[in-house]
Amino acid sequence: MIEPAALPSRARVVIIGGGVIGTSVAYHLAERGCTDVLLLEQGQLSCGTTWHVACLVGLLRATESGTRLVQYSTDLYARLEEETGLSAGFRRCGGLIVARTPERLTQLRRTAAAAEAFGLQAEMLSPGQAGERYPVMATGDLAGAIWLPDDGQANPADLTYALAKGARNRGATIRERTRVTGVLMPFLAVGFVIYTLRRYGFFPPTAVHWLIAAFSAGVYGVWATWKRDVPAAAAVWATAASAILAWQCLLSAYTELPERSSYKLVTTIKPLIGPQTELFSIGQYRETLSPYLRRTLTLVDFQGELEFGLSEEPSRALTTEAFLAHWNASTNAVAFIAPGILDTWRTRGLQGRVIGGDNQTLVVSRL
Ligand SMILES: Cc1cc2nc3c(=O)[nH]c(=O)nc-3n(C[C@H](O)[C@H](O)[C@H](O)COP(=O)(O)OP(=O)(O)OC[C@H]3O[C@@H](n4cnc5c(N)ncnc54)[C@H](O)[C@@H]3O)c2cc1C
């Protein structure tokens, strides 16, 4: 294991995570002359997902560029041992892809044709021939197989350590048992903002000033890191402040998020809704309404993630014009509408009174 040591005060590139991807990025950056690279791993190299990998290296990919990338990888695995003295454990043992149905066999034939086009060797096999290549496999229910002699298997931990050694030999710095915490919180906060905006269409106002403060501190931290004449401590303090402010942003935003469940809303209006009452949802689809109402709502002016379902069930959606004509002639209908669009719909001619609501949905009635 690489022993922990004092961290460099700054680096041009910092890589977080010493799995096969992080070490490969460090290796390739260093190989291309960018040696001011610092890789930080919270545990030991390859201790994450990489450790669990079967590490099958299948050359045939859906695209030519994917296939070329894996071809490059196999060449690299062979070259790494010469370069670092550490083996990646790569063995070109060949690979079998099997088919149990005629349709799958047809697909495999196409795969074989694609392999040929990509310049790979591939051979169609009968079930018996496949059994000869891999005797422990039951072949009774097989329709056929494809044999890819250049496929192989590496050892994920060995590969990671070989890449890490290659990177260090070229000047990159690697630190294990070093967890990165500071920069993650602002990223988390930004992710939370995007999620909240996409899901609820607004960001809680009280969290905005925390977000601006966190963002500003973060930007200053990045700037201070970049400018080599600014003391490193300034970048560290700015990053820490950004993390604390981003955390505060998350806390205050969380307390203001709209309730996901519409249970309370439905409970208050359910006594007013009879079996004949028509139900509409305008400009939103709130998953919890239908189950609590035990009814299906007709959608108006909304597609979103329901696009596929609506194409299968077109009667469950109405255009704006069709809905308004229907609604304004009705005396027994209820519509659920996003609060932000009610005024727009009023100007379009939506009649009816608001009989309930919460911060995600208003209920308009023609009862
Ligand atoms: C069961 C299984 C089988 C698989 N089989 C194959 C296969 O046969 N062939 C194939 O090509 N792919 C396979 N994969 C996929 C492959 O494992 C992953 O694509 C690959 O390992 C991802 O590597 P990584 O470096 O991105 O992630 P990881 O190996 O998870 O590395 C991320 C590293 O980041 C570190 N880290 C996280 N947070 C911090 C922090 N805050 N500070 C510092 N360090 C941090 C973690 O400790 C970890 O070591 C398989 C995956 C699984 C789960």
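The values are calculated or read from the model by the stated rules, or taken from the named source; none is laboratory data. Keep in mind the model is a prediction, meaning the values are calculated, not measured. Every residue, glycine among them, receives a Cβ derived from its backbone with ideal geometry; neighbour counts consider all protein chains shown.
The number of residues in the range 207-230 that are more than 23 Å from SER252 (Cα to Cα) and of a type in the set (A, V, I, L, M, F, W, C) comes to 5.
In the range 22-37, the qualifying residues are those that are crowded, with 17+ Cβ neighbours inside 10 Å and in a helix (DSSP H, G or I), and the one that is farthest from the ligand (Cβ to nearest atom) is ALA30. Just one of the numbered conditions (1) closer than 29 Å to GLY191 by Cα; (2) exposed (fewer than 15 other Cβ atoms within 10 Å of the Cβ) is not true of ARG286: (2).
The residues in the range 189-202 that are crowded, with 19+ Cβ neighbours inside 10 Å and either outside any helix (DSSP H, G or I) or within 16 Å of the ligand (Cβ to nearest atom) (or both) can be counted, and the count is 1.
Rundown of residues vs (1) outside any helix (DSSP H, G or I); (2) crowded, with 18+ Cβ neighbours inside 10 Å; (3) out of contact with any Cys (no Cβ under 6 Å at 6 or more places or on another chain); (4) not assigned by TED's automatic domain parsing to the domain that holds LEU163, yes/no style:
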{"residue": "ALA62", "(1), (2), (3), (4)": "yes, no, yes, no"}
{"residue": "SER65", "(1), (2), (3), (4)": "no, no, yes, no"}
{"residue": "ARG68", "(1), (2), (3), (4)": "no, no, yes, no"}
{"residue": "GLN71", "(1), (2), (3), (4)": "no, no, yes, no"}
{"residue": "ALA78", "(1), (2), (3), (4)": "no, no, yes, no"}
{"residue": "GLU103", "(1), (2), (3), (4)": "no, no, yes, yes"}
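Here LEU59 meets each of (1) near the ligand (Cβ under 9 Å from one of its atoms); (2) among the hydrophobic types (A, V, I, L, M, F, W, C); (3) more than 22 Å from the chain's Cα centre (by Cα); (4) within 28 Å of PHE118 (Cα to Cα) with one exception, condition (1). Of the helices (runs of 4 or more DSSP H) lying entirely inside the range 256-367, those containing at least 1 residues that are within 33 Å of the chain's Cα centre (by Cα) and either among the charged types (D, E, K, R) or at pLDDT 85 or above (or both) are 263-269, 289-293, 307-312.
Condition check: assigned to a helix (DSSP H, G or I) and buried (at least 16 other Cβ atoms within 10 Å of the Cβ). Does TYR220 satisfy that? So TYR220 fits the description; yes. In the range 23-38, the residues that are of a type in the set (Ser, Thr, Tyr) form Cβ pairs under 8 Å with partners that are surrounded by fewer than 16 Cβ atoms within 10 Å (Cβ to Cβ), at six or more places apart or across chains, as follows: THR35/GLY171.
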